[in-house]
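Q: Can you keep this structure in mind? I'll have questions shortly.
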Amino acid sequence: MSEPTETRRDALRRAALGAGALTLAGLGQPVAAFAQAPDDEDLRDFLVEAIGLEQVTVLAYSTAADANGIDTALKTTLEAFRGQEQAHADALRAALDGLGFDPPAAPDSATDTAVFDDVEGLSDEATDQLTGLLDDLEALDGAGSRQLLAFLTELEGEQLSLYVGGAPALDSEDLATTAVEIAGCQAEHLVVLGIELGDSPADSIASASQAAQTAAAADATDSDSEDTDASTSE
């Protein structure tokens, strides 16, 4: 009886590691851009949004892990992913603290949208996104495992887009490395969640890789547009 479980675990692990490798390989261009120097407020704005998104994801993993219909093996996986998301948030909070800015508080529940009110550096658009995600999580109260896993997949995709396509130029090698590692971890989570939702390991890896490539391409397009606008203004 143990053989199918071990085989499934091996497949999940291989799929996740493969997605992480593919995503990290696709991050070469953004990493090169990190060598540029932003002002501290640009970096603050990115970190504040990233921390908020990580904390919403931590709460979502906690909610899913405690939901009815989640078996023991999946609960263990979700709790492990929650711990990784919290580690990401802690690392980013430390970076923000090093810049002398305050991070947003972590929401205690899906109704705790007030934590994102009047946060220095958090744009109106980002505030609306984060509070909207909390509203979506609240609406999933009592939902089945499949709906919760789909929501976690949405959150991981949002994070991957932020780290791959929305990260500003970082003037810290340590922060650049952290951002790349986090993006790779989000891709791994996407693969495992995809498999839990019924995708094959190959399809799940392809989806995670495509998400990373799409975000990177969108960032490159935005950068080219900004360069064109700057040249025109000169």
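The values are calculated or read from the model by the stated rules, or taken from the named source; none is laboratory data. Note that this is a predicted model, so its numbers are computed, not measured. A quick note on method: Cβ atoms are made from the backbone with ideal geometry, for glycine too, and the neighbour counts reach across all protein chains shown.
Q: Testing I70 on (1) over 29 Å from V119 (Cβ atoms); (2) assigned to a loop (DSSP other than H, G, I, E, B); (3) modelled with pLDDT under 90, one condition comes back false. Which one is that?
A: Exception for I70: condition (3).
Q: Right, another one. Which residues, taken from the range 78-105, are under 24 Å from S145 (Cβ atoms), in contact (Cβ under 8 Å) with a residue 40 or more places away in the chain and surrounded by fewer than 20 Cβ atoms within 10 Å (Cβ to Cβ)?
A: Within the range 78-105, just Q84 meets the criteria.
Q: Hey, among the residues in the range 109-123 that are without any contact (Cβ under 8 Å) to a residue 24 or more places away in the chain and not in a helix (DSSP H, G or I), which one's surrounded by the most Cβ atoms within 10 Å (Cβ to Cβ)?
A: D112
Each row is one residue, and each column tells you yes or no for (1) under 19 Å from F46 (Cβ atoms); (2) part of a helix (DSSP H, G or I).
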{"position": "R82", "(1), (2)": "no, yes"}
{"position": "H88", "(1), (2)": "yes, yes"}
{"position": "F101", "(1), (2)": "yes, no"}
{"position": "P107", "(1), (2)": "no, no"}
{"position": "E125", "(1), (2)": "yes, yes"}
{"position": "L134", "(1), (2)": "no, yes"}
{"position": "F151", "(1), (2)": "no, yes"}
{"position": "G157", "(1), (2)": "yes, yes"}
